[in-house]
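**Student:** First, the structure itself, so that you have it in front of you.
The values are calculated or read from the model by the stated rules, or taken from the named source; none is laboratory data. This structure is a prediction, so every number in the text was calculated from the model and none was measured. When we count neighbours, we look across all protein chains shown, and the Cβ atoms used for this are built from the backbone with ideal geometry, even at glycine. For accessibility, only protein heavy atoms count, side chains too; no ligands or nucleic acids. Shrake-Rupley method; radii C 1.70, N 1.55, O 1.52, S 1.80 Å.
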Amino acid sequence: MTTMQMAVRSTVGRKVLMALSGAGILGWLVLHVAGNLLVFRGAEVINGYGRMLHENPLLLWGQRLAIGTLLLVHVVTAAQLEGVRRTARPQRYTVVQPSTESRAARAMRFTGPAVLVIFVYHLMLFTFGNAHPDFVVGDVHHNLTVGLSSLVPVVAHVMLMLLVGWHLFHGGRSLFYSLGLVHPTYEARVTRVVRAGVLALVALGMLIPVGLALGVGGS
């Protein structure tokens, strides 16, 4: 077994892989939200953005392959680390007095799968179109405004961003620890920066379904 294989199979190595894949997913999410915010500039702008992606299959399928790989690595390493945790502690404590950190860590095990389920619904609405009431290939503006015109998808996407926010807050802080980038002196500052970034991303992400539901989207 090579040194690289040993590192990847170790608990520390898996945590680093999870942190790096999470950072990659976060980067994709920022770009995805930024692209979808173009809906407020009107149909011509966001449809032009959609055409640009589809006219560059290397870019379109490259980012799809990248996010698919990152999600796979993230989910697999999370499952492996959970398996290690259960093996190391097969019996529950009789009395549990969880800290804020442990509560956040346990919540990650629920928010992750929940985010994945709603994300699949998101793909069915806006990528595959099989859950969309009137999907039109190439008309991103129409697909967004119509797809987010009823209660269920709006609530689902608001919930998605809230769950993503919770997941990112703990995951963002864990990323710095996993990569050894946090000194005790700067711990509180890192927490504030992560919290501010997550709140900004969640607010912008929620603006899309809420704004479109209220008819704010550009025509």
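**Student:** Which one is most open to solvent (accessible area, probe 1.4 Å) among residues in the stretch 133-144 that are farther than 18 Å from F119 by Cα and assigned to a helix (DSSP H, G or I)?
**Tutor:** Only one residue tops the list, namely H142.
**Student:** Consider only pairs whose beta carbons are under 6 Å apart and that are at least six residues apart or on different chains; among these, list those whose first residue lies in the stretch 154-172 and is of a type in the set (V, I, T) and whose second residue is open to solvent by 20 Å² or more (accessible area, probe 1.4 Å).
**Tutor:** Partner pairs satisfying both residue conditions: V154/A213; V158/M206; V164/V115.
**Student:** Also: Could you say which residue among L125, L151, L144, L204 is among the hydrophobic types (A, V, I, L, M, F, W, C), within 20 Å of the chain's Cα centre (by Cα) and over 18 Å from N47 (Cα atoms)?
**Tutor:** Values: L125 fails: over 18 Å from N47 (Cα atoms); L151 fails: within 20 Å of the chain's Cα centre (by Cα); L144 fails: over 18 Å from N47 (Cα atoms).
Matching residue, one of L125, L151, L144, L204: L204.
For (1) among the basic types (K, R); (2) loosely packed, with under 14 Cβ neighbours inside 10 Å; (3) modelled with pLDDT of 90 or more, each residue gets a yes or a no:
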site: M6; (1), (2), (3): no, yes, no
site: G13; (1), (2), (3): no, no, no
site: G24; (1), (2), (3): no, no, yes
site: G42; (1), (2), (3): no, no, yes
site: A66; (1), (2), (3): no, no, yes
site: A79; (1), (2), (3): no, yes, no
site: T87; (1), (2), (3): no, yes, no
site: R92; (1), (2), (3): yes, yes, no
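**Student:** Could you check how many residues of the stretch 150-195 are modelled with pLDDT under 85 and outside any helix (DSSP H, G or I)?
**Tutor:** Residues flagged as modelled with pLDDT under 85 and outside any helix (DSSP H, G or I) within the stretch 150-195 amount to 5.
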